[in-house]
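**Student:** Quick one: the structure is below, questions incoming.
The values are calculated or read from the model by the stated rules, or taken from the named source; none is laboratory data. None of these values were measured; they are calculated from a predicted model. Cβ atoms come from the backbone with ideal geometry, glycine included; neighbour counts cover every protein chain shown. Note: areas computed on protein heavy atoms with side chains; ligands, DNA, RNA excluded. Shrake-Rupley method; radii C 1.70, N 1.55, O 1.52, S 1.80 Å.
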Amino acid sequence: MKTILAQFDTDALPSSFDQVVAVDSNVEQLFSYGSVTPGNVTGLVHGLMFTRGPAELKNSAIFIGGSDVAKGELLLRMVSKTFFGPMRVSVMMDSNGCNTTAAAAIASSRKHLNLAGCRAIVLGATGPVGLRAAELLALEKANVTVVSRTLDRAESACITIRTKVADAQVTAACASQPSEFEELCQNATLIVSAGAAGVCFLESGVLQKIQGLKLAIDLNAVPPVGVADIGVMEKAIEKFGVICYGALGVGGLKMKVHKKAIASLFESNDRVLETRTIYDMALQVAGIAT
Amino acid sequence: MKTILAQFDTDALPSSFDQVVAVDSNVEQLFSYGSVTPGNVTGLVHGLMFTRGPAELKNSAIFIGGSDVAKGELLLRMVSKTFFGPMRVSVMMDSNGCNTTAAAAIASSRKHLNLAGCRAIVLGATGPVGLRAAELLALEKANVTVVSRTLDRAESACITIRTKVADAQVTAACASQPSEFEELCQNATLIVSAGAAGVCFLESGVLQKIQGLKLAIDLNAVPPVGVADIGVMEKAIEKFGVICYGALGVGGLKMKVHKKAIASLFESNDRVLETRTIYDMALQVAGIAT
Amino acid sequence: MKTILAQFDTDALPSSFDQVVAVDSNVEQLFSYGSVTPGNVTGLVHGLMFTRGPAELKNSAIFIGGSDVAKGELLLRMVSKTFFGPMRVSVMMDSNGCNTTAAAAIASSRKHLNLAGCRAIVLGATGPVGLRAAELLALEKANVTVVSRTLDRAESACITIRTKVADAQVTAACASQPSEFEELCQNATLIVSAGAAGVCFLESGVLQKIQGLKLAIDLNAVPPVGVADIGVMEKAIEKFGVICYGALGVGGLKMKVHKKAIASLFESNDRVLETRTIYDMALQVAGIAT
């Protein structure tokens, strides 16, 4: 019996990125759907639930993707509600690569730092990747400063994280000028930059001015990058005593995690892969004991 | 040369149910198209007709599906008209599972009853599955009462059946209240319930009150089912002297028939699989001599 | 690692013709997208560029098709612009079969004629196939008369060809009546008819009246054909001293060229297959030394 991955994409054209990764994860049959919405997803899920016997359902799985993370989260809830009893298939949600990217970034941090009690700051923390990176840092018991352009949005992100992580140590902060971002970063041990494409938070030369900084990760692959001192390809490169990762430096681990996650969907019919479970895989792929 | 099944679906998103069954029928390459209409189907058919030599065309085939049976029938006519001479591929029409479900239901009846001369009643007989079930019963020379909510629709269904089955013994009847359905069923040997999802024709406790009833089949899988005394999973379960089949009890045979039909498309390039031919397969799969 | 062909089709439903040929060219995984536009193509290209390492990118490729050749050409420009450095995949453009058909037609001519200095006339030369046939004839140093319904369009086609072929010997002409087409063809050695479906340029009995004619090719497969004296299936059939090819007579070579072109996409990651490169393949497939 062939493994089937049904790709539910919220964009009109299903992501070719997710398709190639599915094929390279040895999915034998890929069904790709575009413009999937809460209104049309139920029939697609039923078609997967009712075509193979309960013992065979682990050979069918669902991948939820697309550029809009909020839409992807809504689809995940709809899909989960449609299942009942043993009539279910495994499902992974990774719209815009948000979960695999955040998981790879924080697992990369774990290679170099003890995150518990660590002073971490996430720039662009209200975006899809930033929010998940901050959640994972809180999960690792770091003291996380959650930075956004407005305090309201940063506080809202903190509330979201506290609902997911008991005892999360998260503090909201806001900044919009380069000098403000620099000031907020002072005394941070770890900086994660996860802003929108083209937004530069820390300008050239700033990195060496930050006291106590040990690790800096910039997840922006499109120039200008978010931390001007970090090259997009850099992977664990030390500069001014700071270990640096660029977006593609994290990308290798992200791809491995993405493929491992896809493959694991077919190990049973009840997996739900989102932020936490994907992070656990990232730690495992990175060779970090949990 | 790979076998190719082109799935022409009249819905925007092609049915994942039909896709999984295609894969599980060992189709090697599946092309799925959504929103297929009489206006865009011809080019798709030409692309299948003109790409392989006449001797190889049996490796390409068409499956017509979607939730709207009338649209599927129209597509089947358009596809058939596009073929000429040896330039054709085999085609199967099973929008909404109408043909495979009706065929499996009536073949299941044949295991238990001699249908010739049998008093059969079809509830919800003007829907896609009910109409086909009534046609197949007429073909088996049963005396069929065709029940709908209005007499007009029931009579129209009888006319349709008479154009397809010479000497069909079909009688129109209408009912809308549970008591009316119960009354119409009196003295029936076979009841087939094929109403819309959620419509209950015969309430709890009614089945044992029907004189002379030997077999009852309910094709509604979504609760409330059409015959409240029948469980959706029941398969040839005897209750009050009546052999009962629920929708999933018929479903196993339906799936086998569906897969056999798909596989048979690739045996030659001139098959047209619809109600009758699919019924013949159902009898064969059910081990009934024809 | 599986070979992946991403089919970018400018029509709403991707061409089933191009899909079957891709499968028959041993593409292992086909991703088909409909309604691809300059506005949504970039993300699709990125997904192909960034999922496999530079050394592996030759296993991913793009096919641009659809009924509208101008839209296909625009997509090809957009796709080419998106690549940078070694981050690219091979790409083929053959909207409406324009390149493979023109290449097969002119390669077929080369079997019988020395095209250099040959008097060639292309009827319907401003259509997608006709324009490419005229370009290839000019490339072979034929003296080409480019015929359209209006002189403006014919002259515009000549300008286009001159920008592509240095020293192209092309002359614009216009005609709309059968007698005018016949007159323009007098003294031609080679006639290529590439008009729209259903347009007849040279009526029955005309072919034998054309002085000095050696070869006539009609690329219209839908009756009435463009040269009434040529049967659609004819392949190198001599009539009145003229070697004749109908559309399907050219079609066998066209299919071989199409398949060879697809296969060659996976030999490296930097191929761009359009008119010229596809013509070179046609000559090779036809066994003509270049």
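**Student:** Assess whether B:Val79 counts as being facing another protein chain (nearest Cβ under 8 Å), aliphatic (A, V, I, L, M) and open to solvent by less than 30 Å² (accessible area, probe 1.4 Å). Step through it out loud before you land on a result.
**Tutor:** Numbers: facing another protein chain (nearest Cβ under 8 Å): no; aliphatic (A, V, I, L, M): yes; open to solvent by less than 30 Å² (accessible area, probe 1.4 Å): yes.
Here the answer is no, as B:Val79 does not meet what is asked.
**Student:** Moving on. Which pairs do you get when a residue that is under 14 Å from B:Gly251 (Cα atoms), found in the range B:222-235, comes within reach of a residue that is in a strand (DSSP E or B), reach meaning Cβ atoms under 8 angstrom, with the pair 6+ apart or on two chains?
**Tutor:** B:Gly231/B:Ile237; B:Gly231/B:Cys244; B:Val232/B:Asp218; B:Glu234/B:Cys244; B:Glu234/B:Tyr245; B:Lys235/B:Tyr245
**Student:** Filter the range A:47-67 down to residues that are under 29 Å from B:Val222 (Cα atoms) and in a loop (DSSP other than H, G, I, E, B) and give me whichever is farthest from the other protein chains (Cβ to nearest Cβ).
**Tutor:** Kept after step one, since they are under 29 Å from B:Val222 (Cα atoms), are these residues of the range A:47-67: A:47-64.
Going one step further and asking which of them are in a loop (DSSP other than H, G, I, E, B), we end up with A:50-53.
On the way: A:Phe50: 7, A:Thr51: 4, A:Arg52: 7, A:Gly53: 10 Å.
Here the answer is A:Gly53.
**Student:** Here is a follow-up. Go through (1) surrounded by 21 or more Cβ atoms within 10 Å (Cβ to Cβ); (2) touching a strand residue (DSSP E or B) at 6+ places or on another chain (Cβ under 9 Å); (3) in contact (Cβ under 8 Å) with a residue 60 or more places away in the chain; (4) over 16 Å from C:Val192 (Cβ atoms) for C:Lys58 and report which single condition fails.
**Tutor:** Of (1) surrounded by 21 or more Cβ atoms within 10 Å (Cβ to Cβ); (2) touching a strand residue (DSSP E or B) at 6+ places or on another chain (Cβ under 9 Å); (3) in contact (Cβ under 8 Å) with a residue 60 or more places away in the chain; (4) over 16 Å from C:Val192 (Cβ atoms), only one is false for C:Lys58: (1).
**Student:** Condition first: modelled with pLDDT of 95 or more, out of contact with any helix residue (DSSP H, G or I) (no Cβ under 6 Å at 6 or more places or on another chain) and among the hydroxyl-bearing types (Ser, Thr, Tyr). Can you find one or more residues in the range C:87-98 that meet it?
**Tutor:** Yes, the range C:87-98 contains at least one residue that is modelled with pLDDT of 95 or more, out of contact with any helix residue (DSSP H, G or I) (no Cβ under 6 Å at 6 or more places or on another chain) and among the hydroxyl-bearing types (Ser, Thr, Tyr).
**Student:** Given the residues B:Gly72, B:Gly65, which is the only one that is in contact with an Asp or Glu (Cβ under 6 Å, 6 or more places away or on another chain) and crowded, with 18+ Cβ neighbours inside 10 Å?
**Tutor:** On the way: B:Gly72 fails: in contact with an Asp or Glu (Cβ under 6 Å, 6 or more places away or on another chain).
Residue meeting the stated conditions: B:Gly65.
**Student:** Here's a check for you: in the range A:211-221, which residue that is assigned to a loop (DSSP other than H, G, I, E, B) and touching a residue at least 60 places away in the same chain (Cβ under 8 Å) is surrounded by the most Cβ atoms within 10 Å (Cβ to Cβ)?
**Tutor:** My answer is A:Leu219.
**Student:** Just name the residue that is nearest to C:Val20 (Cα to Cα) out of those in the range B:11-28 that are part of a loop (DSSP other than H, G, I, E, B) and open to solvent by less than 20 Å² (accessible area, probe 1.4 Å). Quick ask: steps written out before the conclusion?
**Tutor:** Initially, the range B:11-28 is screened for residues part of a loop (DSSP other than H, G, I, E, B), giving B:11-15, B:25-28.
Those left that are additionally open to solvent by less than 20 Å² (accessible area, probe 1.4 Å): B:14, B:25, B:27.
Numbers: B:Pro14: 19, B:Ser25: 19, B:Val27: 14 Å.
Here the residue is B:Val27.
**Student:** So, in the range C:183-208, exactly how many residues are open to solvent by 10 Å² or more (accessible area, probe 1.4 Å) and touching a Lys or Arg at 6+ places or on another chain (Cβ under 9 Å)?
**Tutor:** Residues that pass the stated criteria total 5.
**Student:** Shifting gears a bit: Within the range B:29-38, track down each residue that is surrounded by fewer than 22 Cβ atoms within 10 Å (Cβ to Cβ) and among the hydroxyl-bearing types (Ser, Thr, Tyr).
**Tutor:** Within the range B:29-38, B:Tyr33, B:Ser35, B:Thr37 meet the criteria.
**Student:** Picking from C:Thr126, C:Thr163, which residue would you name as being within 27 Å of C:Ala282 (Cα to Cα), open to solvent by 60 Å² or more (accessible area, probe 1.4 Å) and of a type outside the set (Gly, Ala, Ser)?
**Tutor:** Working: C:Thr126 fails: open to solvent by 60 Å² or more (accessible area, probe 1.4 Å).
On inspection, the qualifying residue turns out to be C:Thr163.
**Student:** Within the range C:223-233, which residues are surrounded by fewer than 22 Cβ atoms within 10 Å (Cβ to Cβ) and either under 17 Å from C:Ala105 (Cα atoms) or not assigned by TED's automatic domain parsing to the domain that holds C:Leu184 (or both)?
**Tutor:** Keep residues of the range C:223-233 that are surrounded by fewer than 22 Cβ atoms within 10 Å (Cβ to Cβ), which gives C:223-224, C:228-229, C:231-233.
Within the range C:223-233, C:Gly231, C:Val232, C:Met233 meet the criteria.
**Student:** hydroxyl-bearing (Ser, Thr, Tyr), open to solvent by less than 30 Å² (accessible area, probe 1.4 Å) and over 30 Å from A:Glu203 (Cβ atoms): does that describe A:Ser90?
**Tutor:** On the way: hydroxyl-bearing (Ser, Thr, Tyr): yes; open to solvent by less than 30 Å² (accessible area, probe 1.4 Å): yes; over 30 Å from A:Glu203 (Cβ atoms): yes.
So A:Ser90 fits the description; yes.
**Student:** Pick from A:Ala157, A:Ala133: which is farther than 27 Å from A:Glu238 by Cβ, surrounded by 18 or more Cβ atoms within 10 Å (Cβ to Cβ) and within 16 Å of the chain's Cα centre (by Cα)? Don't jump to the end; show me each part of the working.
**Tutor:** Values: A:Ala133 fails: farther than 27 Å from A:Glu238 by Cβ.
A:Ala157 is the lone residue from the list that is farther than 27 Å from A:Glu238 by Cβ, surrounded by 18 or more Cβ atoms within 10 Å (Cβ to Cβ) and within 16 Å of the chain's Cα centre (by Cα).
**Student:** For the range C:166-182, enumerate the residues that are assigned to a helix (DSSP H, G or I) and either of a type in the set (S, T, N, Q) or open to solvent by less than 70 Å² (accessible area, probe 1.4 Å) (or both). Break it down into steps so the answer makes sense when it comes.
**Tutor:** Initially, the range C:166-182 is screened for residues assigned to a helix (DSSP H, G or I), giving C:178-182.
Matches in the range C:166-182: C:Pro178, C:Ser179, C:Phe181, C:Glu182.
**Student:** Can you spot a residue in the range C:192-199 that is at pLDDT 95 or above and not in a loop (DSSP other than H, G, I, E, B)?
**Tutor:** Within the range C:192-199, the first condition is being at pLDDT 95 or above, and the residues that meet it are C:192-194.
Then keep just the ones that are not in a loop (DSSP other than H, G, I, E, B); that gives C:192-193.
Looking for residues that are at pLDDT 95 or above and not in a loop (DSSP other than H, G, I, E, B), one finds at least one in the range C:192-199, hence yes.
**Student:** Tally up the residues in the range B:234-283 that are within 17 Å of the chain's Cα centre (by Cα) and either among the acidic types (Asp, Glu) or loosely packed, with under 15 Cβ neighbours inside 10 Å (or both), please.
**Tutor:** Result for the range B:234-283: 3.
**Student:** When the range C:1-20 is examined, which residues are found to be over 14 Å from C:Lys71 (Cα atoms) and either among the β-branched types (Val, Ile, Thr) or more than 11 Å from chain B (Cβ to nearest Cβ) (or both)?
**Tutor:** Selection gives C:Met1, C:Lys2, C:Thr3, C:Ile4, C:Leu5, C:Ala6, C:Val20.
**Student:** Given (1) modelled with pLDDT of 95 or more; (2) touching a helix residue (DSSP H, G or I) at 6+ places or on another chain (Cβ under 9 Å); (3) open to solvent by 10 Å² or more (accessible area, probe 1.4 Å), where does A:Ala102 come up short, assuming only one miss?
**Tutor:** So the condition that A:Ala102 fails would be (3).
**Student:** Okay, next question. Would you confirm whether any residue within the range C:39-46 is assigned to a strand (DSSP E or B), within 13 Å of chain A (Cβ to nearest Cβ), buried (at least 23 other Cβ atoms within 10 Å of the Cβ) and modelled with pLDDT of 95 or more?
**Tutor:** Just the residues of the range C:39-46 that are assigned to a strand (DSSP E or B), to begin with: none.
Within the range C:39-46, none of the residues are assigned to a strand (DSSP E or B), within 13 Å of chain A (Cβ to nearest Cβ), buried (at least 23 other Cβ atoms within 10 Å of the Cβ) and modelled with pLDDT of 95 or more.
**Student:** What about A:Leu202, is it under 17 Å from A:Ser176 (Cβ atoms), modelled with pLDDT of 95 or more and not polar (S, T, N, Q)?
**Tutor:** Numbers: under 17 Å from A:Ser176 (Cβ atoms): yes; modelled with pLDDT of 95 or more: yes; not polar (S, T, N, Q): yes.
Against the criterion (under 17 Å from A:Ser176 (Cβ atoms), modelled with pLDDT of 95 or more and not polar (S, T, N, Q)), A:Leu202 qualifies.
**Student:** Specify which of the listed residues (C:Ala263, C:Ala228, C:Ala286, C:Ala236) is within 22 Å of C:Leu139 (Cβ to Cβ), more than 14 Å from chain B (Cβ to nearest Cβ) and of a type in the set (Gly, Ala, Ser). Write out each step before concluding.
**Tutor:** Working: C:Ala263 fails: within 22 Å of C:Leu139 (Cβ to Cβ); C:Ala228 fails: within 22 Å of C:Leu139 (Cβ to Cβ); C:Ala236 fails: within 22 Å of C:Leu139 (Cβ to Cβ).
Testing whether each residue is within 22 Å of C:Leu139 (Cβ to Cβ), more than 14 Å from chain B (Cβ to nearest Cβ) and of a type in the set (Gly, Ala, Ser) leaves just C:Ala286.
**Student:** Mind listing whichever residues of the range A:225-258 are of a type in the set (Phe, Trp, Tyr) and farther than 18 Å from A:Val199 by Cα?
**Tutor:** We begin by selecting, within the range A:225-258, every residue of a type in the set (Phe, Trp, Tyr); these are A:240, A:245.
Once the filter is applied, which keeps residues that are of a type in the set (Phe, Trp, Tyr) and farther than 18 Å from A:Val199 by Cα, the range A:225-258 yields only A:Phe240.
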